[in-house]
1. Confirm whether Ser454 is within 25 Å of Leu540 (Cβ to Cβ) and more than 36 Å from the chain's Cα centre (by Cα).
2. For Lys662, all conditions in the list (1) without any contact (Cβ under 8 Å) to a residue 24 or more places away in the chain; (2) farther than 23 Å from Ala778 by Cβ hold save one; what is the number of the exception?
3. Cβ-Cβ distance below 9 Å, separation of 6 or more or different chains: which pairs start in segment 491-514 with a residue that is among the charged types (D, E, K, R) and open to solvent by 30 Å² or more (accessible area, probe 1.4 Å) and end on one that is at pLDDT below 80 and outside any helix (DSSP H, G or I)?
4. Of a type in the set (S, T, N, Q), buried (at least 22 other Cβ atoms within 10 Å of the Cβ) and within 29 Å of Met585 (Cα to Cα): is that true of Ser851 in this structure?
5. Residues to consider are Arg299, Arg256, Arg267, Arg287; find the one that is at pLDDT below 55 and either closer than 19 Å to His831 by Cα or part of a loop (DSSP other than H, G, I, E, B) (or both).
6. So, Gly587, is that one in contact (Cβ under 8 Å) with a residue 12 or more places away in the chain and surrounded by 17 or more Cβ atoms within 10 Å (Cβ to Cβ) or not?
7. Suppose we filter segment 684-709 for residues that are at pLDDT below 85, surrounded by 19 or more Cβ atoms within 10 Å (Cβ to Cβ) and assigned to a helix (DSSP H, G or I); how many remain?
8. Return yes or no: is Val677 of a type in the set (Val, Ile, Thr), closer than 28 Å to Ala522 by Cα and surrounded by fewer than 16 Cβ atoms within 10 Å (Cβ to Cβ)?
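The values are calculated or read from the model by the stated rules, or taken from the named source; none is laboratory data. Keep in mind the model is a prediction, meaning the values are calculated, not measured. All Cβ positions, even for glycine, are placed from backbone atoms using ideal geometry, and neighbour counts span all protein chains on display. The accessibility values were calculated without ligands, DNA or RNA, using every heavy atom of the protein model including side chains. Shrake-Rupley method; radii C 1.70, N 1.55, O 1.52, S 1.80 Å.
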Amino acid sequence: MSPIVLINIILLSATNTVIGSDPEIENAREEKLRSALIDAFQNIKKASSKGGDDDLSSDLIGSMIPLPNSGKHEKFTTDDSFDLFADDDGLTFAEAFGNDETAEKKQMSTTEKSHNVQHIVKTTKQVEKSTSIPSNIIGKLADSIRNTVNESSIQMPLVSNHTNLLGLESMLRVVDAEILVLQWGELQKSVKGQCKEDLQEYVEGLQDRLLWALKMEDASGRYTAMFYWGNNYWTGSAELCSVLNELHAPSRHHNRSDGSQIFSEWRQDVSVSGLGPPFETAFYNVRMTITTDLPEIVRTRRTLHLGLCLPRTCSREQVGQLVNAVHAPLLRHKVVTVRSPEHGGYTYLSDPTFQILLAVSCTVALLLVSATFYDMRIAREVRSRRRRVDNMTVAENGASDLKLDLNGLDAITVSKGKSMYNVNNNNSEERLTSETASTDGELKLSVWSELLLSFSLKANILQIFDQSVGADTVPEVHGLRFFSMVWIIFGHTCIVVFKYADNTALRAILEKSFLFQLVLSAVYSVDTFFCLGGILVTFLYFRTSAKGKLDRLTKGHRKVTAGVLQFLGLIGYRFARLTAPYLFMLGVVEVIMKWFANNAVFEPPAMDHETCPKYWWRNLLYINTLFPVEQMCMLWSWYLSDDTQFYAVSAILLILATSHFKLSAVLTGLFFLSSLVTTGFVAYSSEHVHNSEDPFTQFDKIYDKPWTRLGPYLVGMATGWILFKTNLNIKMGRVWACVGWAVCTATFLFLIFGLYRTELGALSAAVYSALSHSLWAACVGWVIVACSTGHGGWVRPLLSAPVLYPFSRVTYCAYLVHPVVLRYVAMHLTHPIHLGELLVFVLFLGLTVISYFLAFVISVAFEAPIVTMLKIVSPQKKPHRV
C-alpha cells in the first residue's frame, strides 16, 4: 500500500472523529478512530517490511512520552500543520487529539490488546528524515499521532465550556513545560536569533526528559498554593537557575558509614550534581496582570510575579513577547515588565553618585583615623605637661594644687572664646586652656587642629555615650525619642514585609485584631517628634535669650537687622547640623535603589532610582513635601522637610516674641486654627476616612503636607513656653495630677484603639483628622510637663533612664537609615516570605538592632563631627546637649 493511500485512510478516519456532547456518538467516533489507526499502522508495517521506512511504525506509536528529535535544528511539528484537517464540528485534527491543554481528560479503552496502540511496538528509535514529499507528510503526521495518542487521556476543548477544568492547578496555568512544548510552533514566532535556537534546544530537552531541562523547569515558578491567601509571587528558584551555569561533578569519594551514606544519597537526590545545559541560563521575573471571564474564580485583576528560568541569550523584551504570546488555559494575562538580575546593566563604579560617595567616605575615614591618632598623641602630651607642672608645684610649695587622673582627652569645648580640653578625672573636669602660662603646661592649637580633632572617634564616642545631660535640658525627651523611633521602625517593618509575602491576606486577618491597632497607630509617633521639636526649640531659645547669649550675635544692630541675623543664625545652625548625614544618605539611597532596580529579583518598593537623580535638590532645600509625592526622593524624608519648615516658622515667631510677645502669641494661635480648619476641609472634600486597611490614605493631600501637620509642632511650642515660664517648677495638687494623668491616658488609648471596628461618617472623619494629631501632641506635652515638674511617678525614671541617652542621640541617623535596611533585606530576597506574628516580631528586632548599629556609625562619622565644629565656631559657651 502506498503512503498516499495510508494518509487518506487516516484522514478519512480523523474526519469522522469529533468530540461531541452525545456520549454514544462520541464513543462510536472514538472506536472508528482507533480502528482506523490500527489498520493504518498494520499496513504501514507491512509496507515497511517490503522496503519502506523500517523505523516509521515504531516512531508513530512510540512510548508514553514524545521522542527526541534527531537534532537541534530539526523542524518541530506544530498544531498549525493540522489546521486544514478540520472535522464537521469545526475542530481541527490537533484539537481532536487533545492538544488543548485545558480540556477534560478521558481514559482510552484497553479492553482489547489489539486496540492498545501503546503496546503494538516497544521500540523508541528516532525517525530518519526523508527527502520525499510523502515521507515528510507521514513524518509530520507521525509526530502529531505520537504526541497525542500516547497521552493517557483525551482532553476536551476549553472553547465550549470553561468549567471542564478541575482544580486550581489546571486553571491557574500560565507558562509551564507542557504549554511551552505544545505551543512552541506558534511561540517561536515571537523570538528570534540565538534566543530562538536555545529555546528550541530547551524544548527538545523537555521532550527528551533531559535532567538539565527538568532542572530549568523546576527552577521556574508556577502555581503551588495559597492563591486566595494572597500568594502573587510564583517566583521559582533564582538560585537553582544560577547554579545550572556551573558544572557539578559528583564526588568520587564515598564514606561507607551509615550516616554519611544517607547524607550522600540525599545530596544525589536533590540533584546538585550533573552537567548543566548547553547554554547559559538566566532568571526572569515577569510581572503581569491576570484576569478571567469567570468572576467566581478571579474576581478582580490580580498582579502576578512569575519566575522563569530560560536561556540567557533571550533579552527581557523577548521574554516579555514570548509570555504575551502564550495562550493560557483560563487566565488572560498581559506582561507589564520583565526583570532579570543577569541582565541588570548597572555597575557601581560607572555611577558618578557612587564615585562621589566613595570619595567622601574615604576622606571621612582618613579624617577619623588621623584625628583619633592625633587626639591620642595630644592626650599623652597633655598628661606629660601636667605631670611636670604638678611636680614643679609640689617642689616649690610642698603641696599639689592640681590633681589629675590621667585617663586621656575627652573632648574639645569652648569657654569664653578660648579652646579648652576636658580631661576625665572621676566625673570632675580639669581644664587646660590657652590662658595657662607656658610654664604651667600650656598647649596651644590652631583652629585647623581643633577642627581636625572634631573627627576624633574617641571624643565622639564618649560624647554619644555620655550618661549626663545639660542643666538646661529636659531628660524625659530622650526616652520619648527612643520609644517613638522604635514604634516607627515597627510600623515600617510591618508595611514593607507584607509587600513581599506569599500570604498577604494575613494582614486582612490581623487588621481585625485588637492589638494590630498598635501598628496602625504608629503614625502618631511622628507627632511625638513634632511636639518634641517645638518644645525644645522654644524652651532653649527663651533660656538662651534670657541669659543674654543671643546678644553676642546681634550686638550693635537695629532690631530688624538683629532679628534677621538671629533668623539666619538659627537656620544656618540647623542646616549645618542636619544636612551632612542627610545628604550622604540621599546618595546611598540613590545608588542602592539603582542597583536593586536592575539586579534584584523583586521590584523595588519605590522609584528612588528615578526620582533622586532628578529631584534631590528639593530634599537639600527641605521643600520636597511641596511637590507631588510621586516625585519625592526618600519618601520618609517628608518628616525632615516638614520639621525644617516648622523650625523656620517657629524661629520667626520666637524672634518676634522677644519684642512683641502678644503679636507672636496671636499669630501662633491663628496658625494653629488655620491648620485645624485646613486639615478638616481637605479631609472632608476628599472624603478621607480613617480605616484599618491603609493608614496612609490621602498621603499626598493630608499626611505629609506641612499645613496639615503644623498643629502638633505649635502645641509643642506652647508647652516649651510653659516650661520656661515656670522654670520647670509647677505646683500641682495630687488630685489635679491624677486627673491630668487619667485624661492623658484615656486620650492615648482612644487615639490608638478608638477606631477599632468603628465606622466614621464623612463629617466625623474630617473632625477626627483635624483634631487627632494635635490631641496626641497635647498628651505628649502633658507627659513632659508632669515629669519635669515632679508629677511623673514611675514614668519619669523610665523616660529619663541614662541607658536611653545614647540611643536618643543617634535617633536622627536611625530615622534616616532604618528604611534603607528594610529595603536592603527585602531586595535580597529571591522568594516571598511566609509571614506570621512571631516572624514579624523577630524581623522587627533584628532590623532595629542593625538600624541602630548603622546609625551609630553614621552619627560618629558625620553628625557628631559637625556638632563639635559648630561648638568650636560658636561665639557662645558650649551649647546644651539634648
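1. Numbers: within 25 Å of Leu540 (Cβ to Cβ): yes; more than 36 Å from the chain's Cα centre (by Cα): no.
Taking the combined requirement at face value, the residue does not satisfy it.
2. Here Lys662 clears every test but (2).
3. Arg507/Glu693; Lys512/Ser692
4. Numbers: of a type in the set (S, T, N, Q): yes; buried (at least 22 other Cβ atoms within 10 Å of the Cβ): yes; within 29 Å of Met585 (Cα to Cα): yes.
The answer is yes for Ser851.
5. Values: Arg299 fails: at pLDDT below 55; Arg267 fails: either closer than 19 Å to His831 by Cα or part of a loop (DSSP other than H, G, I, E, B) (or both); Arg287 fails: at pLDDT below 55.
Exactly one residue qualifies, and that residue is Arg256.
6. So Gly587 fits the description; yes.
7. Within segment 684-709, residues that are at pLDDT below 85, surrounded by 19 or more Cβ atoms within 10 Å (Cβ to Cβ) and assigned to a helix (DSSP H, G or I) number 0.
8. On the way: of a type in the set (Val, Ile, Thr): yes; closer than 28 Å to Ala522 by Cα: yes; surrounded by fewer than 16 Cβ atoms within 10 Å (Cβ to Cβ): yes.
Yes.
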